[in-house]
Amino acid sequence: MRTSSLKSTDQIQVSSDGDLITEAQISSTVKDVLATTPFVDIHTHLFAPAFGKLGLWGIDELLTYHYLEAEFFRYSDTTPQEYCSLSKRDQADAIWRTLFVENTPVSEATRGLVAVLKAFHLPTDSPDLAEARSFFKAQTIEEHIRKVFQMAGVSPVVMTNDPLDPEEAAFWLNGIASHGQFRAALRLDRILCNWSTHWQVLAGQGYGVDEQASGKSGAEVRRFLADWYKRMQPVYMAVSLPDTFEFPKETIGNRLLKDAVLPACREFDLPLSLMIGVRKQVNPSLRLAGDALGRADLRALENLCRDFPANRFLVSVLSRENQHELCVYARKFSNLMPFGCWWFLNNPSIVEEITRERIEMLGTSFIPQHSDARVLEQVIYKWNNTRRTLARVLAETYRLLSEDGRGVTRGDIQRDVTRLFRSNAEAWMDLRAPGSERL
Ligand code: RAT
Ligand code: ZN
């Protein structure tokens, strides 16, 4: 039973989820609940083992992560061109030497790699990578994935699946068995943001589309999406949009969004994930590490949420300056679900700020984080960091609540953490393994 106010001096023994906990117990209870609740990872770039080499894992992939490559070029005289001509192994050695041996790995991405090494009891200060390489070489992928997800406390994870990536599409077209821990997400960047270089691929596959996306193109793209929906059984459709995104505005992308993507999402009852604010290739020589960000005009989002009430939008914005207005829009539109602290925002100081702001404005009606992991083992450090930051934020939230007159139980904390990291996602997408019940 609740009592009106709880002072830290109250000595209530916790015996069940229903008993109020003391202020002194809040922090440890929050940490414990965070540690024991499996999270859903709603956006990654990982692949199930059936996709073979598309799934990245191991020390050389971890070290050549584009977040680390960007940092490498700040310290090293190696030019991006020289770096690109090296083998992956030599690139990894160069990054290890530069960022971990010759310098202290204090940045978020370097610290993350240290945490992964430590999680596997590998040396974190070795002059070379010999021991790490032999450890990863000894792993078999299925068992390694199981262990890594268990260490990270995540399941399932959502992949990013591009039907216009020729390498990936070949796997889907040959038939891919569903995997218990991975779900698909149908990524639309090439269609919505780069139609001029991709429409011919659709045309070549027998869809009646043209360069201007005129006439029956919208209906045909919708047919393409329906075919890929059947093939992938995605849990949502997704697109990453530039900071300059405007809606409505007469562009090919917007026409296809309105005539094909939004109707398909309604038909299949899928949310559309909009990741807004990327400025692609401001430094093309850095390749994947060459993107930056810009503040977006979120009136585009306002227009979408209002004009398409039967659609649901999962939204992450890349600019720190857009975060507050995203919360305001989520208060106006229940078909908008803010998610994650994306890419350049996934640093403890910013995650803390954004998450506090979201709790203050939205309670627990949002999805605080996704990992965006590209290399399997990254989920270990990314989710560990999220838990660590959230422990501070949630403990402070409950302390204030308790001070203001409402004590909390372990059951309350469990319900909130489950909502934030699991059931809000489950309510928005069908995360059950694709199988008979979904077909
Ligand atoms: O965070 C990243 O790794 C970025 O390169 C992008 O992949 C981004 O997350 C995206 O999905 O577009
Ligand atoms: Zn991503």
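Taken over segment 371-388, the criterion of being in contact with a Ser or Thr (Cβ under 7 Å, 6 or more places away or on another chain) and on the phi < 0 side of the Ramachandran plot is satisfied by SER371, ALA373, GLN378, VAL379, LYS382, TRP383. Restricting attention to segment 27-69, the residues that are within 26 Å of LEU390 (Cβ to Cβ) and of a type in the set (A, V, I, L, M) total 9.
Counting only residues that are surrounded by fewer than 19 Cβ atoms within 10 Å (Cβ to Cβ), of a type in the set (Val, Ile, Thr) and more than 26 Å from the chain's Cα centre (by Cα), segment 83-108 holds 2 of them. Apart from one condition, ARG320 fits all of (1) in contact (Cβ under 8 Å) with a residue 60 or more places away in the chain; (2) open to solvent by 30 Å² or more (accessible area, probe 1.4 Å); the exception is (1). Of everything in segment 282-314 that is open to solvent by 60 Å² or more (accessible area, probe 1.4 Å) and in a helix (DSSP H, G or I), the residue that is nearest to ligand 1 (Cβ to nearest atom) is LEU288.
Would it be correct to say that ALA109 is aliphatic (A, V, I, L, M) and over 30 Å from THR418 (Cβ atoms)? For ALA109, the condition - aliphatic (A, V, I, L, M) and over 30 Å from THR418 (Cβ atoms) - is not met. Kindly provide the set of residues from segment 158-175 that are part of a helix (DSSP H, G or I), more than 16 Å from ligand 2 (Cβ to nearest atom) and not aromatic (Phe, Trp, Tyr), ordered by number. Passing the criteria: PRO166, GLU167, ALA169, ALA170, LEU173, ASN174.
Going through segment 224-246 one residue at a time, which ones are farther than 18 Å from PRO271 by Cα and either open to solvent by 50 Å² or more (accessible area, probe 1.4 Å) or away from ligand 1 (no atom under 16 Å from the Cβ) (or both)?
Once the filter is applied, which keeps residues that are farther than 18 Å from PRO271 by Cα and either open to solvent by 50 Å² or more (accessible area, probe 1.4 Å) or away from ligand 1 (no atom under 16 Å from the Cβ) (or both), segment 224-246 yields THR244, GLU246.
Considering segment 351-381 alone, what residues qualify as being of a type in the set (D, E, K, R), under 18 Å from ALA119 (Cβ atoms) and open to solvent by less than 10 Å² (accessible area, probe 1.4 Å)? Of everything in segment 351-381, just one residue is of a type in the set (D, E, K, R), under 18 Å from ALA119 (Cβ atoms) and open to solvent by less than 10 Å² (accessible area, probe 1.4 Å), namely GLU377.
Filtering segment 122-133 for residues that are within 16 Å of ligand 1 (Cβ to nearest atom), open to solvent by less than 60 Å² (accessible area, probe 1.4 Å), in contact (Cβ under 8 Å) with a residue 40 or more places away in the chain and out of contact with any Pro (no Cβ under 7 Å at 6 or more places or on another chain) leaves an empty set. Suppose we filter segment 142-183 for residues that are hydrophobic (A, V, I, L, M, F, W, C) and either within 30 Å of VAL33 (Cα to Cα) or modelled with pLDDT under 95 (or both); how many remain? Number of matching residues: 12.
Contact annotation: residue pairs with Cβ atoms under 7 Å, 6 or more positions apart or on different chains, pairing a residue in segment 266-280 that is within 18 Å of ILE367 (Cβ to Cβ) with a partner that is open to solvent by 10 Å² or more (accessible area, probe 1.4 Å) and assigned to a strand (DSSP E or B), are LEU274/LEU241; MET275/LEU241; ILE276/LEU241; GLY277/LEU293. Of everything in segment 368-395 that is in a loop (DSSP other than H, G, I, E, B) and among the aliphatic types (A, V, I, L, M), the residue that is farthest from CYS341 (Cα to Cα) is LEU376. Note on segment 109-152: residues that are closer than 22 Å to GLY52 by Cβ, assigned to a loop (DSSP other than H, G, I, E, B) and more than 27 Å from the chain's Cα centre (by Cα) total 1.
Of the residues SER178, SER155, the single one that is in a strand (DSSP E or B), in contact (Cβ under 8 Å) with a residue 40 or more places away in the chain, open to solvent by 30 Å² or more (accessible area, probe 1.4 Å) and not aromatic (Phe, Trp, Tyr) is SER155.
Scanning segment 62-76 for residues that are open to solvent by less than 40 Å² (accessible area, probe 1.4 Å) and either within 20 Å of GLU143 (Cβ to Cβ) or touching a Ser or Thr at 6+ places or on another chain (Cβ under 8 Å) (or both) gives LEU62, LEU68, PHE72, SER76. Of the residues making up segment 40-74, those that are outside any helix (DSSP H, G or I), touching an Asp or Glu at 6+ places or on another chain (Cβ under 9 Å) and more than 16 Å from ligand 2 (Cβ to nearest atom) are TRP57, GLY58. Whenever a residue of segment 33-53 is within 13 Å of ligand 1 (Cβ to nearest atom), its partners that are part of a helix (DSSP H, G or I), lying with C-beta atoms within less than 7 angstrom and at least six residues away or across chains, give the pairs ASP41/VAL379; ILE42/ALA425. Taken over segment 1-39, residues that are open to solvent by less than 70 Å² (accessible area, probe 1.4 Å), assigned to a loop (DSSP other than H, G, I, E, B) and either of a type in the set (Gly, Ala, Ser) or modelled with pLDDT of 50 or more (or both) amount to 9.
The residue that is most open to solvent (accessible area, probe 1.4 Å), among those in segment 181-216 that are touching a residue at least 12 places away in the same chain (Cβ under 8 Å) and acidic (Asp, Glu), is GLU211.
The values are calculated or read from the model by the stated rules, or taken from the named source; none is laboratory data. Owing to the predicted nature of the structure, the values given are computational and were not obtained by experimental measurement. Here the Cβ is made from the backbone with ideal geometry for all residues, glycine too, and neighbour counts use every protein chain on show. Surface areas here come from the heavy atoms of the whole protein model, side chains and all, with no ligands, DNA or RNA. Shrake-Rupley method; radii C 1.70, N 1.55, O 1.52, S 1.80 Å.
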